[in-house]
Amino acid sequence: SCDGMTYKEIEEQHPEEWERRAADKLAYRYPRGESYLDVIARLEPIIIEMERHQEPLLVVAHQGILRIIYAFYMGHSRAEAPFLSIPLNHVVELTPGPIVCHEKRHKLYCPDIDLVRDGQDEPLGSPAEIKRLEEAFYDPPSH
């Protein structure tokens, strides 16, 4: 299983899984996992309910889920969904209108390390750097 592994670890320890995912990110399933197509089918009734909702709605979810919801509201195809950019540490505000959906992105936090530009926003820093930054973000020093 690839649970809890970074993409780099998967690439190194399970190159066959890495290649399968790269070949078809939309339909690929990690062992004991779901594909984007599986998740799209599971989210359909929820998105229908979201469409009916009249008040503001906050969705907090994994990036894959957010990509699918974003694709729906912004008019992207499901084939595009796995590659849409949903940056970490951001709130994406969508305001559906009669013809188009308006978007604003609010940056909450900017890490001090480079990120992979594959739509996953995975940190490239060492585990020690990442831990130091996470601790600084989640437990800021008192002044």
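The values are calculated or read from the model by the stated rules, or taken from the named source; none is laboratory data. Keep in mind that this is a model prediction, so the values were computed, not measured. Don't worry about glycine lacking a Cβ; one is built from the backbone with ideal geometry, like all the others, and counts go over all protein chains shown. Accessible surface is based on the protein model in full, side chains and every heavy atom, while ligands, DNA and RNA are left aside. Shrake-Rupley method; radii C 1.70, N 1.55, O 1.52, S 1.80 Å.
Annotation: of all residues in the range 73-85 being modelled with pLDDT under 95 and of a type in the set (A, V, I, L, M, F, W, C), the one that is surrounded by the most Cβ atoms within 10 Å (Cβ to Cβ) is Ala81. Selection over the range 1-27 of residues that are under 18 Å from Ala71 (Cα atoms) and either aliphatic (A, V, I, L, M) or at pLDDT 95 or above (or both) gives a count of 2. Residues of the range 16-35 that are of a type in the set (Asp, Glu) and either part of a loop (DSSP other than H, G, I, E, B) or closer than 16 Å to Arg78 by Cα (or both): Asp24, Glu34. Among the residues of the range 59-71, is there at least one that is touching a strand residue (DSSP E or B) at 6+ places or on another chain (Cβ under 8 Å), open to solvent by 60 Å² or more (accessible area, probe 1.4 Å) and either basic (Lys, Arg) or touching a residue at least 12 places away in the same chain (Cβ under 8 Å) (or both)? No: zero hits.
If you go through the range 57-71 and keep only what is part of a loop (DSSP other than H, G, I, E, B) and within 17 Å of Lys25 (Cβ to Cβ), you end up with just His62.
Taking the residues in the range 86-100 that are over 20 Å from the mean Cα position of the chain (by Cα) and β-branched (Val, Ile, Thr) as candidates, determine which candidate is surrounded by the fewest Cβ atoms within 10 Å (Cβ to Cβ). Full working, then the answer.
Keep residues of the range 86-100 that are over 20 Å from the mean Cα position of the chain (by Cα), which gives 96-100.
When the remaining residues are screened for being β-branched (Val, Ile, Thr), the result is 99-100.
Values: Ile99: 5, Val100: 11.
My answer is Ile99.
Scoring Pro87 on the criteria (1) touching a strand residue (DSSP E or B) at 6+ places or on another chain (Cβ under 8 Å); (2) in a helix (DSSP H, G or I); (3) of a type outside the set (A, V, I, L, M); (4) within 28 Å of Asp112 (Cβ to Cβ) leaves a single failure, condition (2).
Among the residues of the range 24-42, none qualifies, meaning not one is within 16 Å of the chain's Cα centre (by Cα), open to solvent by 40 Å² or more (accessible area, probe 1.4 Å), free of Cβ contacts under 8 Å to residues at least 40 places away in the same chain and at positive phi. Among the criteria (1) without any contact (Cβ under 8 Å) to a residue 12 or more places away in the chain; (2) of a type in the set (A, V, I, L, M); (3) under 25 Å from Thr6 (Cβ atoms), the one Ile48 does not fulfil is (3).
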